[in-house]
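One structure coming up, written as structure tokens, with questions to follow.
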Amino acid sequence: MSAPTAPNAETAETTADTATADSARASLEALRAEIAKAVVGQDPAVTGLVVALLCRGHVLLEGVPGVAKTLLVRALAASLELGTKRVQFTPDLMPSDITGSLVYDTRTAEFSFQQGPVFTNLLLADEINRTPPKTQSSLLEAMEERQVTVDGTPRPLPDPFLVVATQNPVEYEGTYPLPEAQLDRFLLKLTVPLPSRDDEISVLTRHAAGFNPRDLQAAGIRPVAGPADLEAARDAVARTSVSPEIAGYVVDICRTTRDSPSLALGVSPRGATALLSTARAWAWLTGRDYVTPDDVKALALPTLRHRVHLRPEAEMEGVTADSVITAILAQVPVPR
């Protein structure tokens, strides 16, 4: 008589998981809508930030000054029930200004650790390429290991932990190119282009109506997602199935970059893993529990563009990383 109990219990558990996942998806969709209250016409960048949250990855935002990179991250922080801190990277910034340092306490005659701004859930590293490589590298351990080691003692960072760094194009004065090792720690590199004419008119109309980018609360932005939503969403993404054909497709794309005559360095296996992760997150966000080739194509550029390096002669001919990856996507056979 008790035989049917197990299947019924399993069915109830599956139904509960599905309901939780649907609720988490709705929260993240609401997150995108909240950010849109402050930022106009940057939907790909907003989507990329949501994908990074699902994948526990970090994001590099690149664009010329004045295209709302910082506002985009601040709007994301205001839409989440997470701790957030901002660091303005400058040429005189020291590594300890980010990670923290030991401070001598005269009352106890002992050294105590003073936490730096990296001890938060969402760290906005503003204009990260305006500080020298020594300070840039201070984020490497935090981004990869989710911890900071000071005086030989590892100190774990909060969970979730996400670095969103903004940078100006390297052609701008006073910038330091990020080292390859640090670039590879970013899950996505998102470009923030100049807005279209209609979007720019919308921006000006909002400002004329009293929008203040320094007061997001007045703009109506409120927290719509929190750690529980992220955890439920990540569990659902982890259950999104990947067929052997899709895994092979990802590998073929990455291996083709290593043979490209335009590239001095192709995508590493870490990059292939990153592409699979972002494709799974995008598949789940769009309401599917399996990954398609279109999901892989949709995330290929932001996931891979900073993981390849052009040959000097290709750069001189005007070739870009995006154009090489786009050509490779057209070349690699798509699984049926």
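The values are calculated or read from the model by the stated rules, or taken from the named source; none is laboratory data. Bear in mind the structure is a predicted one, so any value in this text is a computation, not a measurement. Methodologically, a virtual Cβ is constructed for each residue, glycine included, from the backbone with ideal geometry; neighbour enumeration extends over all protein chains shown. What goes into the accessible areas is simple: the full protein's heavy atoms, side chains included, and nothing from ligands, DNA or RNA. Shrake-Rupley method; radii C 1.70, N 1.55, O 1.52, S 1.80 Å.
Are there any pairs, at least 6 apart or on different chains, whose C-beta atoms fall under 7 Å, with the first in the stretch 240-255 and crowded, with 16+ Cβ neighbours inside 10 Å and the second among the acidic types (Asp, Glu), and if so, which?
Thr240/Asp289
Would you pick out the residues in the stretch 251-268 that are more than 24 Å from the chain's Cα centre (by Cα) and part of a loop (DSSP other than H, G, I, E, B)?
Answer for the stretch 251-268, where residues must be more than 24 Å from the chain's Cα centre (by Cα) and part of a loop (DSSP other than H, G, I, E, B): Asp259, Ser260, Pro261, Ser262.
What's the number of the only condition in (1) at pLDDT 95 or above; (2) among the acidic types (Asp, Glu); (3) farther than 25 Å from Leu49 by Cβ that Asp295 fails to meet?
(3)
Residue check, Leu329 against (1) among the hydrophobic types (A, V, I, L, M, F, W, C); (2) part of a helix (DSSP H, G or I); (3) buried (at least 20 other Cβ atoms within 10 Å of the Cβ); (4) in contact (Cβ under 8 Å) with a residue 24 or more places away in the chain, all met but one. Which one?
(3)
Turning to a different aspect of this structure: Can you say whether Val59 is β-branched (Val, Ile, Thr) and at pLDDT 90 or above, as far as the supplied structure shows?
yes
Oh, and also: Out of curiosity, is Pro156 out of contact with any Lys or Arg (no Cβ under 6 Å at 6 or more places or on another chain), free of Cβ contacts under 8 Å to residues at least 60 places away in the same chain and more than 20 Å from Leu72 (Cβ to Cβ)? Walk me through it before giving the result.
Details: out of contact with any Lys or Arg (no Cβ under 6 Å at 6 or more places or on another chain): yes; free of Cβ contacts under 8 Å to residues at least 60 places away in the same chain: yes; more than 20 Å from Leu72 (Cβ to Cβ): yes.
Here the answer is yes, as Pro156 does meet what is asked.
Which residue pairs have Cβ atoms closer than 6 Å, lie 6 or more positions apart in sequence or on different chains, and pair a first residue in the stretch 256-271 that is open to solvent by less than 10 Å² (accessible area, probe 1.4 Å) with a second residue that is of a type in the set (D, E, K, R)?
Val267/Arg307; Gly271/Arg307
Still on this model: Across the stretch 96-110, what is the total count of residues that are out of contact with any Gly (no Cβ under 8 Å at 6 or more places or on another chain) and closer than 13 Å to Val148 by Cβ?
Result for the stretch 96-110: 1.
Which numbered condition in (1) more than 24 Å from Leu329 (Cα to Cα); (2) touching a Pro at 6+ places or on another chain (Cβ under 7 Å); (3) modelled with pLDDT of 90 or more is the only one that Ile246 fails?
That leaves (1) as the condition not met.
I want to confirm something. Restricting to the stretch 317-336 and keeping residues that are in contact with a helix residue (DSSP H, G or I) (Cβ under 9 Å, 6 or more places away or on another chain) and charged (D, E, K, R), which single residue is modelled with the highest pLDDT?
Asp322
In the stretch 209-230, is there at least one residue being open to solvent by 50 Å² or more (accessible area, probe 1.4 Å), assigned to a helix (DSSP H, G or I) and at negative phi?
Yes, some residue in the stretch 209-230 is open to solvent by 50 Å² or more (accessible area, probe 1.4 Å), assigned to a helix (DSSP H, G or I) and at negative phi.
Inspect the stretch 130-147 for any residue being part of a loop (DSSP other than H, G, I, E, B), within 19 Å of Arg74 (Cβ to Cβ) and either open to solvent by less than 10 Å² (accessible area, probe 1.4 Å) or touching a Lys or Arg at 6+ places or on another chain (Cβ under 9 Å) (or both) and give the result as yes or no. I'd like the intermediate steps shown before the answer.
Going through the stretch 130-147, the residues part of a loop (DSSP other than H, G, I, E, B) turn out to be 131-132, 146.
Adding the requirement that they be within 19 Å of Arg74 (Cβ to Cβ) leaves none.
No - not one qualifying residue is present in the stretch 130-147.
Quick check on the stretch 280-318: of everything there that is in a loop (DSSP other than H, G, I, E, B) and open to solvent by 40 Å² or more (accessible area, probe 1.4 Å), which residue is nearest to Arg239 (Cα to Cα)? I'd like the intermediate steps shown before the answer.
Step one: list which residues in the stretch 280-318 are in a loop (DSSP other than H, G, I, E, B), which gives 286-289, 291-292, 305-308, 311, 317-318.
Applying the additional criterion that residues be open to solvent by 40 Å² or more (accessible area, probe 1.4 Å) yields 286-289, 311, 317-318.
Numbers: Thr286: 14, Gly287: 13, Arg288: 11, Asp289: 7, Arg311: 39, Glu317: 44, Gly318: 42 Å.
If we take residues in the stretch 280-318 being in a loop (DSSP other than H, G, I, E, B) and open to solvent by 40 Å² or more (accessible area, probe 1.4 Å), then Asp289 is nearest to Arg239 (Cα to Cα).
While we're here: Could you give every pair whose Cβ atoms fall below 8 Å, whose first residue belongs to the stretch 20-32 and is touching a residue at least 60 places away in the same chain (Cβ under 8 Å), and whose second residue is of a type in the set (Val, Ile, Thr) and open to solvent by less than 60 Å² (accessible area, probe 1.4 Å), counting only separations of at least 6 or pairs across chains?
What qualifies is Ser27/Val224; Leu28/Val50; Ala30/Val224; Leu31/Val50; Leu31/Val224.
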